[in-house]
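Participant: Right, I'll just put the structure down here and ask away after.
Throughout, read-outs are computed from the coordinates displayed, never taken from laboratory work. As the structure is a computational prediction, the values presented were derived from the model and not from experiment. Neighbour counts are summed over all protein chains in view; Cβ atoms, including those assigned to glycine, are modelled from backbone coordinates with ideal geometry.
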Ligand code: NAP
Ligand code: 8YV
C-alpha cells in the first residue's frame, strides 16, 4: 500500500511540510500547473488537508470524498465551513493554546500604543517636530483606572485579563455563557460597552459574530472609549468604526485585523486616532513554529492512530 496522500492547497509554514515528509505524500496544489486536473485525478486518494487560510467549504470537500481530516494552521478557523465538514464526517483541527501568550502580549502592546499614542509620538520625533514645535501633546488617556470589557473571555481573553491587572485596569466580559471567574459578566454586549472604556475583542470570526460590534455598540462605548481588535476584522462593522473615529464618537482604536485583509479601509490609514498592525498577533518565529508543529502532530497522530489531538469541538462545528 502507498503512503497516505495529504493535500496542501496553499503555501504554509515550512515546518508543516518538513514534519510530514516521512509520513505521507504531500500534494502542493499551488505549485501544480493544472490544480483542477490534480484534484480530479487524486480525488479518491486524498485523505487529509493541511491548510493555512484557503477557503474550505462544502463544495471544496465534495470534490474530495475520501478526506476525513482538515488540519488548520491558526486557532481561528473561520475560513473553514466547520458545519459542512461535520455533516460530511470530516474532523477539523486548529492550533489552540500554543499562541495565547503571544497574542495576549500583542493585545497589551496594542492597547498601550493606542492609549498613549506611542506610534504617533514616534512619528512626531522622526518627522523632526520635536525640535520644530516642542514636546508631543499630552495624551488625553492613561492606562490607570481604565475599565476593560473583554468580548470573548476564552483562552486568549483570559491571558489578556491576567496581564492588565498590574496596570490597575478592571475587567468585565461578555460571552454567550457565563464562566466561573471573578470578573463581572454581562449577558448584553451593549450594556457592557456602556460601562467600560476599553472594548477588547477576542471572539472567533465567521458568520455568527459578523458585525457584532456595530454603530450601537460603539455609541455605547462613548467618547472616552477605545476599541482593540485582535480577533477578526469581520467582528467589527469597519465603516461604522471609521465613522465613530472620525466623529469622535469613540476616542481611538488599535487594530491588528481588518475586514478585507490585506486591504485596509483607506480612511483608517489617514485617521490620526487609529493604530494599525498587519495581523501580527502570533507572528514570532517560536510561536508560528509551535503552531506548525501542532498541525503536524494532529496529522501524524490521525494518520497513525486515527485520532486528532486538537479537534474543533463538535458543538462549535455544528453551530458554525
Ligand atoms: P476561545 O478560547 O475559543 O475563546 C473564544 C471566546 O469567545 C469564548 O470564551 C466564547 O465563549 C466567546 N464567544 C464565541 N462566540 C461568541 C459570541 N457569538 N458572542 C460572545 N462571545 C462569544 O478562542 P481563543 O483561542 O481565545 O481565540 C479567539 C480568537 O482570536 C480566534 O478565534 C481567532 O479568530 C483570534 N485570533 C487572532 C489572532 C491574531 O493574530 N490577531 C491570533 C490568534 C487568534 P462562549 O462560547 O461562552 O460564547
Ligand atoms: C495567524 C490567527 O495570524 O491563529 C489565528 O487565528 O489569526 C493567527 O495566529 C494566522 O493563523 C496566520 O495564518
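Participant: Can you name every residue in the stretch 170-185 that is surrounded by 14 or more Cβ atoms within 10 Å (Cβ to Cβ), outside any strand (DSSP E or B) and near ligand 1 (Cβ under 10 Å from one of its atoms)?
Facilitator: Once the filter is applied, which keeps residues that are surrounded by 14 or more Cβ atoms within 10 Å (Cβ to Cβ), outside any strand (DSSP E or B) and near ligand 1 (Cβ under 10 Å from one of its atoms), the stretch 170-185 yields only 175.
Participant: Helices (runs of 4 or more DSSP H) wholly in the stretch 47-127 with at least 1 residues that are closer than 16 Å to residue 287 by Cβ, more than 11 Å from ligand 1 (Cβ to nearest atom) and in contact (Cβ under 8 Å) with a residue 24 or more places away in the chain - which ones?
Facilitator: Hits in the stretch 47-127: 100-115.
Participant: Okay, moving on. What is the one condition in (1) more than 16 Å from ligand 2 (Cβ to nearest atom); (2) in contact with a strand residue (DSSP E or B) (Cβ under 6 Å, 6 or more places away or on another chain); (3) under 26 Å from residue 298 (Cα atoms) that residue 149 does not satisfy?
Facilitator: (3)
Participant: If you scan the stretch 259-287, which residues turn out to be closer than 27 Å to residue 101 by Cβ and out of contact with any strand residue (DSSP E or B) (no Cβ under 8 Å at 6 or more places or on another chain)?
Facilitator: Correct list: 261, 262, 278, 279, 280, 281, 282, 283, 284, 285, 286, 287.
Participant: Which condition does residue 304 not pass, out of (1) away from ligand 1 (no atom under 16 Å from the Cβ); (2) assigned to a helix (DSSP H, G or I); (3) surrounded by 15 or more Cβ atoms within 10 Å (Cβ to Cβ), if it passes all the others?
Facilitator: Every listed condition holds for residue 304 apart from (3).
Participant: Among 141, 159, which is the only one that is surrounded by 12 or more Cβ atoms within 10 Å (Cβ to Cβ) and in a loop (DSSP other than H, G, I, E, B)?
Facilitator: Result: 141 is the single residue among 141, 159 that is surrounded by 12 or more Cβ atoms within 10 Å (Cβ to Cβ) and in a loop (DSSP other than H, G, I, E, B).
Participant: Continuing with the same structure: Among (1) within 15 Å of the chain's Cα centre (by Cα); (2) over 21 Å from residue 228 (Cα atoms), where does residue 129 come up short?
Facilitator: Of the numbered conditions (1) within 15 Å of the chain's Cα centre (by Cα); (2) over 21 Å from residue 228 (Cα atoms), the odd one out for residue 129 is (1).
Participant: Give the stretch 211-230 a look and list any residue that's within 16 Å of ligand 2 (Cβ to nearest atom) and in a loop (DSSP other than H, G, I, E, B), or say none.
Facilitator: 230
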